[in-house]
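Heads up, the thing below is written out as structure tokens.
The values are calculated or read from the model by the stated rules, or taken from the named source; none is laboratory data. Bear in mind the structure is a predicted one, so any value in this text is a computation, not a measurement. Neighbour counts run over all protein chains shown; Cβ positions are idealised from the backbone, glycine included. Surface areas here come from the heavy atoms of the whole protein model, side chains and all, with no ligands, DNA or RNA. Shrake-Rupley method; radii C 1.70, N 1.55, O 1.52, S 1.80 Å.
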Amino acid sequence: MKNTVLSKLRNLDAYPKVNEDFFTRSLSGGIITLVSSLAILLLVFSEFRLYLHTATETKLLVDTSRGETLRINFDVTFPAIPCSILSVDAMDISGEQHLDIKHDIIKKRINTNGDVIESKPDGIGAPKIEKPLQRHGGRLEQNETYCGSCFGAEQSDDDCCNSCEEVRDAYRRKGWAMTNADLIDQCKREGFFERIKEQEGEGCNVQGSLEVNRVAGNFHFAPGKTFHQSNIFFDDLMSVHKDSYNISHRINRLAFGEYFPGVVNPLDGGHWTHETSNGMYQYFIKVVPTIYTDIRGRTVNSNQYSVTEHFKDLEYISPNSQPGVFFYYDFSPIKDPIRVQKLIHLNGD
């Protein structure tokens, strides 16, 4: 039974052979066969390649979104500004301000060769304080709750400043410049100026993200902590001379929103070297909301941007101007949907 089935399969032929008495082999026939085979192979390869090819379709729409937030991802290196005095601030036209931002930010101390010395989340790692000065003037005794003085910057009688950072925050809320940190007990015990002196000659790599409102605004990297008074922004490290700041920087990455295939961030990899030590570098960014849809229908809401640059020498502008690197961004009213799709050609169309 098995041999019979195999014999039938062996004799099965959808294209029976032509008897040799009815055809003649020739050179021209061989050439035609070869050329036809190559043409068929070429057409199959071309159609398969066309099937794999994708096309990007773009169109412009009016952006009607409101009340949304935007995540800004950054990675910036300052070869000549130590991490101990470098702060990140953000503010927008709605009046919202975030000064000396610490969450979701990592600072890496780097040496003159660009090698990492230390890496840690910002704002973590204050030393333990023994027998600190109490708000009433005495030293902390056993079984007593510590409540440090804010040195006149208290907003109420119950306010306590238990670290140099809290004293600086209290000063900032009052709009005062912190010019006497060497006389403040918390800063002396935490080695505030010792840390600044220890990190002299170092640089800093700052990376992280900011969550901001989807309205025009700016964020900046500046030496010292910014405080605001009468619509003017000041630096709280007035005892460190502004002309000692070299704002040379390298932007390793700057993105507004999530990554999507084909996105080009024009500032990625850019660097700017300042020969002198006094200035303000400004980037003016136009952000274009973008919706990216891949061939499987998955959607990514992100942004693209264009940028112009400008440098101000602080020697020739207002003495209250702050040195640093500033990113001013605004949003385009036009949204750019991008769709990736297959190119399918039927009947030669």
(Q) Please compute the length gained on full extension between H103 and R25, using 0.36 nm multiplied by the number of residues separating them and subtracting their Cα-Cα distance. (A) 19.8 nm
**Q.** Accessible area, probe 1.4 Å, largest first, for residues R109, R250
**A.** R250, R109
Q: Please give, to one decimal in nm, the separation of the simple spin-label points placed at N252 and E68, each 7 Å out from Cα toward the Cβ.
A: 2.9 nm
Q: Work out, step by step, the length gained on full extension between D158 and K188: first 0.36 nm times the residue separation, then minus their alpha carbon distance; give nm to one decimal.
A: 8.5 nm
Q | Rg over Rh, two decimals, the stretch 254-296 (C-alpha only, Kirkwood Rh) | A | 1.13
**Q.** Accessible area (Å², 1.4 Å probe, nearest 10) - R195
**A.** 90 Å²
